[in-house]
Amino acid sequence: MDGFVRTFHVSEQGEEITTEISEKGELVCSMYSLLKNEKSFENSQCITNCLICVISEKSFEKLCIQNPNWFQLGLKFLKNDILKKEERIRGFAKLKANERYQKLLTEKPNVIQNVPIIYIASYLGIKPESLSRLRSQQTIS
């Protein structure tokens, strides 16, 4: 994938909650849906121009049978997805909003430059006004 994609769900109040922002080279997939063989409760939306590659589960399984390197790639993606989710949970449990923002700045600086503030704020679990304050404080420092 090349570009920026956000993964989100809609809360009971009708608010879109961004749960992931993916960039070039990252997999966009609902592992929960894939593993449970259920319809995903999340949506994915390209938020910039994107170049994506789509493969069905059946086709991917066929590739894995034909070549073990594909199986290894799938395992790598699964591990990365689990780690990303665990880090996100830990971040919300242990980090303050400004620390989550700083972590995003460090780990994914391209997101800050290319993704609308409303999606970044939702991803960080804060209101856009709070993110604007954090950004202005960062500029002043």
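The values are calculated or read from the model by the stated rules, or taken from the named source; none is laboratory data. Model, not experiment: these values are computed from the prediction. Neighbour counts are summed over all protein chains in view; Cβ atoms, including those assigned to glycine, are modelled from backbone coordinates with ideal geometry. Calculation scope for accessible area: heavy atoms of the full protein, side chains included, ligands and nucleic acids excluded. Shrake-Rupley method; radii C 1.70, N 1.55, O 1.52, S 1.80 Å.
For the reader, a short list of remarks on this structure follows.
- Distance in nm between pseudo-label sites at ALA93 and THR19 (7 Å out along the Cβ direction from Cα): 1.7
- Comparing mean-square fluctuations of SER33, SER11, SER122 from a GNM of the chain with C-alpha springs under 10 Å, the top value falls on SER11.
- C-alpha long axis of helix 57-66 to longest principal axis of the chain, angle in °: 60
- Between LYS24, LYS36, LYS84, the GNM of the chain built on Cα springs shorter than 10 angstrom shows LYS36 fluctuating the most.
- Solvent-accessible area, 1.4 Å probe, carbon plus sulfur percent, for segment 1-99: 55
- Rolling a 1.4 Å probe over the heavy atoms of the protein chains gives the chain an accessible area of 70 Å² per residue.
- A cysteine counts as unpartnered when no other cysteine's C-beta lies under 4.7 Å of its own; in the chain this applies to CYS29, CYS53, CYS64.
- Principal-axis tilt of helix 68-94 within the chain, Cα atoms, nearest 10 degrees: 30
- Residues CYS53, CYS46, CYS64, sorted by accessible area with the largest first, give CYS53, CYS46, CYS64 [1.4 Å probe; ligands and nucleic acids excluded].
- The residue list ASN80, VAL54, CYS64 was ranked by how far each Cα lies along the charge dipole of segment 53-96 toward its positive end, using unit charges on Cβ atoms, and ASN80 comes out on top.
- With respect to the chain, whose longest principal axis is taken over its alpha-carbon atoms, helix 97-107 is tilted by about 50°.
- Annotation: lysines with alpha-carbon distance below 29 angstrom to LYS79 (same-chain offsets under eight excluded): LYS24, LYS36, LYS39, LYS58, LYS62, LYS94, LYS96, LYS103, LYS108.
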